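A short write-up of the structure that comes next.
No value in this document is a laboratory result; all are computed from the given coordinates. Bear in mind the structure is a predicted one, so any value in this text is a computation, not a measurement. So basically every Cβ, Gly included, is an ideal-geometry build from the backbone, and we count neighbours across all protein chains shown.
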Amino acid sequence: MQRNNIVEKVKEILISVLEHEGFELTDDLVAADVSGWDSLTHMIIISSIEEEFKIKFKLKDLNKMRNIGALIDIISSKIS
Amino acid sequence: MVFTSLNFLLFFPAVIILFYITPIKYRWVTLLVASYFFYLNIEPVFGLLTAIITLSTYFFTRLIDKVKDDKKKSKFMYINIAVVLMPLFFFKYFTAINDGIFNILEMYEMRWFLPKIHFLLPVGISFYTFMAIGYTIDVYNEEVEAEKNIGIVALFISFFPLILSGPIERAGNMIPQFKSDLKLNHTNFSTGLKLMLWGYFMKLVVADRIAIYVDAVYGNLSHHNGDTILLTSLLYPIQVYADLGGYSLIAIGVSKILGLNVMPNFNRPFFATSMAEFWRRWHMSLITWLTDYVYTPLAFSFRQYRIFGIVLALMVTFALSGIWHGATLNYVVWGLMQGTFLSIEALINKRKSKIENQYGLKSNFFYLIFSVCLTYVLFAVSLVFAYDASFKDALMVFDKIIFKRGSLFLDKTTLAYAFIGVFMLFLSEFRDEYFPKTLLFFNNKVFVIRLVSYLCVALLILWIGVLNGGQFIYFKF
């Protein structure tokens, strides 16, 4: 799957979980900059991503998700 | 030796002088020696605990780093967590478990082979145990590398400003600083002294003054009416905040003078407009520790249950936090109350945000005041269970507040002095929260204003501070 497609799908998941579009999905974007993306919604986002891409994260992966860029990289490595 | 003792006021300048005359490369050694001196001075045998925790943590983190197999890494991580938790479990829960078995058997007229034994909890044990666990998990998660110098690990576990009550620091922040060139400089010195001065103000003028009233009422509940108990219950959160917040500022200030940056522990918690926000501002080093090492692994395991998995993870995390505070029903209730508040907020959050946006409530002054007061009252209600009293006493507090009103017990001197302290504290925090760059005193550009401010606060501490007051509340945890 192309990186752009992954980004698009992640964006849809974020909009669906957070119920707003008040963010620009760049590689540098971090959860703290997005309204409503806290430690509670984070786990729902993670779970939705797993379902969408049919992948399983490890707890260790969570610590590496420092920003959207890192999250996309981890998803692509799992898909491939 | 504690921060409010005369011994500390002699010890700390001596450490600064020794630190200054030690070659930069070996300054961490001076800090390590000073830290062990500081801790052994409280009770020599406590040094054994820090030494065992250091040796075990050093050994297992090095092993985690060395082996390639993830199962082995995970095994070593769990072994070290079990080893470092053992002393904490023993000192914290042995008495409760032993007494419990003793009492149950006694009810059936049987004898337990051990007598009732009450061990003294080594002060600070929770805090350095948590730091050692955090470091071990961080090494396992490849967040930090295992430190090769055992002396640096020993210093991380025993660093004297933090050893008694935190902030619960992370290896990723402290170890690189200990290994860097530690220098004394004017800016750090001045910033550190300001933090210490305000920390002493919070502890001696605010916390210990309120403590006189709180202890007089909570210590003798049956003799006081509902109105007096209501005022006490509303004052107690401020006492706890000024106590641990004051301690934390002194610890951060002492570290700053030595050139070390320590994480903040509080961020004006009583201006929070929800319980979730409150817990992002209150005892931040503990709550981020719990989030990273307890809540996140739990929520991750329960993630297929979506919002209900999150609620379960919150409840378990705060129940554990309650049990850590004390092995009593009161603390479990306190923890479960926090978990319940946060779970309700998590469940209604989206609906609440929609209504707030629809009616523009977030910028409405009265709504803001209402939210701040509601958050404060919810926390104050839960804190009734966190005072050192029985569950029956905690229920008596609510019974009296609701049904047994009466005229207020006015200890005028204590309340008047407490009012001055609380007023200054809240005024300063109100300024920092809403007008951060105006009305500066400690950080004013004009030297005379700064000097007068320092003198005023110092004189206020000497004038109305409780200089023979009690210990810090968090020493018992």
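Sort region B:133-175 into rounded, prolate or oblate with this rule: let a ≥ b ≥ c be the square roots of the eigenvalues of the Cα gyration tensor; rounded if a/c is under 1.5, and if a/c is not under 1.5, prolate when a/b is larger than b/c, oblate otherwise. Mind dumping the intermediate values first?
Details: a/c = 2.51, a/b = 1.44, b/c = 1.74.
In terms of gyration-tensor shape, oblate.
Report the full-extension gain for the segment B:Ile79 to B:Ser180: residue separation times 0.36 nm, less the Cα-Cα distance, to one decimal in nm.
Details: separation 101, 0.36 × 101 = 36.36 nm, distance 3.07 nm.
33.3 nm is the gain from fully extending B:Ile79 to B:Ser180.
Give me the extension gain from B:Lys354 to B:Phe398: residue separation times 0.36 nm, minus the current Cα-Cα distance, reported in nm with one decimal.
Values: separation 44, 0.36 × 44 = 15.84 nm, distance 3.43 nm.
Working it through step by step, the gained length comes to 12.4 nm.
How many angstrom lie between the C-alpha centres of region B:138-160 and region B:196-249?
The distance from the Cα centre of region B:138-160 to that of region B:196-249 comes to 37 Å.
Please list, in order along region B:65-77, the HN-Hα scalar couplings obtained from phi with the Karplus expression 6.51 cos²θ - 1.76 cosθ + 1.60 (θ = phi - 60°), rounded to whole Hz, x for Gly and Pro.
5, 7, 6, 9, 5, 5, 5, 5, 4, 5, 4, 5, 4
For the pair A:Lys60/A:His20, report the inter-label distance in nm, with labels modelled 7 Å from Cα in the Cβ direction.
Label-label distance for A:Lys60 and A:His20, simple model: 3.6 nm.
Express in nm, to one decimal, how much length is gained between B:Met86 and B:Tyr26 on full extension, taking 0.36 nm for each residue of separation and deducting their alpha carbon distance.
Values: separation 60, 0.36 × 60 = 21.60 nm, distance 3.28 nm.
Net length gain for the segment: 18.3 nm.
Going by a ≥ b ≥ c, the root eigenvalues of the Cα gyration tensor, does region B:6-181 fall in the rounded group (a/c under 1.5), the prolate group (a/b larger than b/c) or the oblate group? Could you put the intermediate results ahead of the total?
On the way: a/c = 3.26, a/b = 1.37, b/c = 2.37.
Oblate.
Residue-wise, which Karplus ³J(HN,Hα) couplings in Hz belong to region B:361-369, taking 6.51 cos²θ - 1.76 cosθ + 1.60, θ = phi - 60°, and x for glycine or proline?
My calculation for region B:361-369 gives 6, 4, 9, 7, 4, 5, 5, 4, 4 Hz in order.
Explain nothing, just compute: Karplus ³J(HN,Hα) = 6.51 cos²θ - 1.76 cosθ + 1.60, θ = phi - 60°, for every residue of region B:307-321 in order, whole Hz, x for Gly and Pro.
My calculation for region B:307-321 gives 4, 6, x, 5, 4, 4, 4, 4, 5, 5, 4, 6, 5, 5, 4 Hz in order.
Which whole number in µm²/s is D for the protein assembly as shown by Stokes-Einstein, with the Kirkwood Rh taken over Cα pairs at 10 °C and 1.306 mPa s?
Diffusion coefficient, whole number: 61 µm²/s.
Order the peptides B:243-250, B:94-101, B:338-345, B:142-149 from the highest to the lowest mean number of other Cβ atoms within 10 Å of their residues. Spell out each step's value before the answer.
Details: B:243-250: 26.5, B:94-101: 14.5, B:338-345: 19.5, B:142-149: 16.5.
So the peptides B:243-250, B:94-101, B:338-345, B:142-149, ranked by packing, come out B:243-250, B:338-345, B:142-149, B:94-101.
Where in region B:383-415 does the label zone of B:Ala216 land, with the point 7 angstrom along Cα→C-beta and an amide N cut-off under 16 Å?
B:407-415
Say each of B:Phe366 and B:Trp112 gets a label point 7 Å from the Cα, pointing the same way as Cα to Cβ; how far apart are those two points in nm?
It works out to 5.7 nm between the two label points.
At 222 nm, what helix-only mean residue ellipticity would the protein assembly as shown give, in deg cm²/dmol to the nearest 500, using -39500 (n - 2.57) for each DSSP H run of four or more?
My calculation for the protein assembly as shown gives -22500 deg cm²/dmol from helical runs alone.
Pairs to check: B:Lys203/B:Lys400; B:Lys75/B:Lys179; A:Lys11/A:Lys54; B:Lys25/B:Lys73; B:Lys25/B:Lys148; A:Lys11/A:Lys78. Give those whose C-alpha atoms are more than 21 Å from each other in this structure. Please report the intermediate quantities before stating the final value.
Values: B:Lys203/B:Lys400 29 Å; B:Lys75/B:Lys179 29 Å; A:Lys11/A:Lys54 17 Å; B:Lys25/B:Lys73 33 Å; B:Lys25/B:Lys148 16 Å; A:Lys11/A:Lys78 18 Å.
The answer is B:Lys203/B:Lys400; B:Lys75/B:Lys179; B:Lys25/B:Lys73.
Under 15 Å from a point placed 7 Å out from the Cα of B:Leu48 along the Cα-to-Cβ direction: which residues of region B:90-108 have their backbone N that close?
Answer for region B:90-108: B:90-91.
Quick one: check the C-alpha center-to-center distance for region B:47-108 versus region B:288-323, whole angstrom.
Each part reduced to its Cα centre gives a spacing of 21 Å.
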